[in-house]
1. With respect to the numbered conditions (1) surrounded by 10 or more Cβ atoms within 10 Å (Cβ to Cβ); (2) in a helix (DSSP H, G or I), which one is the sole condition not fulfilled by GLU5?
2. For a quick check of your reading of the model, give me the residue pairs whose first member lies in segment 16-35 and is within 13 Å of ASN87 (Cα to Cα), whose second is part of a helix (DSSP H, G or I), with beta-carbon atoms closer than 6 Å and at least 6 apart or on different chains.
3. When you look at VAL74, is it on the phi < 0 side of the Ramachandran plot and modelled with pLDDT of 95 or more, yes or no?
4. Are any residues in segment 65-85 within 13 Å of the chain's Cα centre (by Cα) and surrounded by 15 or more Cβ atoms within 10 Å (Cβ to Cβ), and if so, which ones?
5. Is it the case, given these coordinates, that VAL28 is at pLDDT below 90, open to solvent by less than 90 Å² (accessible area, probe 1.4 Å) and of a type in the set (A, V, I, L, M)?
6. Taking segment 36-59 as the search range and keeping residues that are among the aliphatic types (A, V, I, L, M) and closer than 30 Å to ASN87 by Cβ, which one is most open to solvent (accessible area, probe 1.4 Å)?
7. Before we move on, is TRP62 in contact (Cβ under 8 Å) with a residue 24 or more places away in the chain and open to solvent by 60 Å² or more (accessible area, probe 1.4 Å)?
Amino acid sequence: MDLIEHSRIRITELLDDDLAEQSNELNVVTRKLAAWAAIIAIPTALTGYFGQNLPYPGYEQWWGFVVSTALIVVTAGGLYLYLKRRNWL
């Protein structure tokens, strides 16, 4: 009877460990998806600002496009490097 009880406890512990491992892996995937969503949100917000029909710095100027493109690349790249350094990606 003790052997059966010990075996049942051991099986339960193994199943709990497997579930914990799956949960940890899901957390890693969720963190990576959240990081990529943040990186994509920056260019979306900046494109929305520079794509509006209201005057903004550089409106209808050649350098306005350059400034907006550089700002998008620098901010998205900076966030990518920051998240990569923190092991989110």
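1. (1)
2. Matching pairs, first to second residue: ALA35/LEU83.
3. So VAL74 fits the description; yes.
4. ALA76, LEU79, TYR80, LEU83 - these are the residues of segment 65-85 that are within 13 Å of the chain's Cα centre (by Cα) and surrounded by 15 or more Cβ atoms within 10 Å (Cβ to Cβ).
5. Criteria not met by VAL28.
6. Top of the filtered list is ILE40.
7. Considered against the rule, which asks whether it is in contact (Cβ under 8 Å) with a residue 24 or more places away in the chain and open to solvent by 60 Å² or more (accessible area, probe 1.4 Å), TRP62 comes out as no.
The values are calculated or read from the model by the stated rules, or taken from the named source; none is laboratory data. Keep in mind it's a predicted model, so treat the numbers as computed, not measured. We place every Cβ from the backbone using ideal geometry, glycine too, and count neighbours over all the protein chains shown. The protein model used for the area step is the full one, side chains on, heavy atoms only, and it has no ligands, DNA or RNA in it. Shrake-Rupley method; radii C 1.70, N 1.55, O 1.52, S 1.80 Å.
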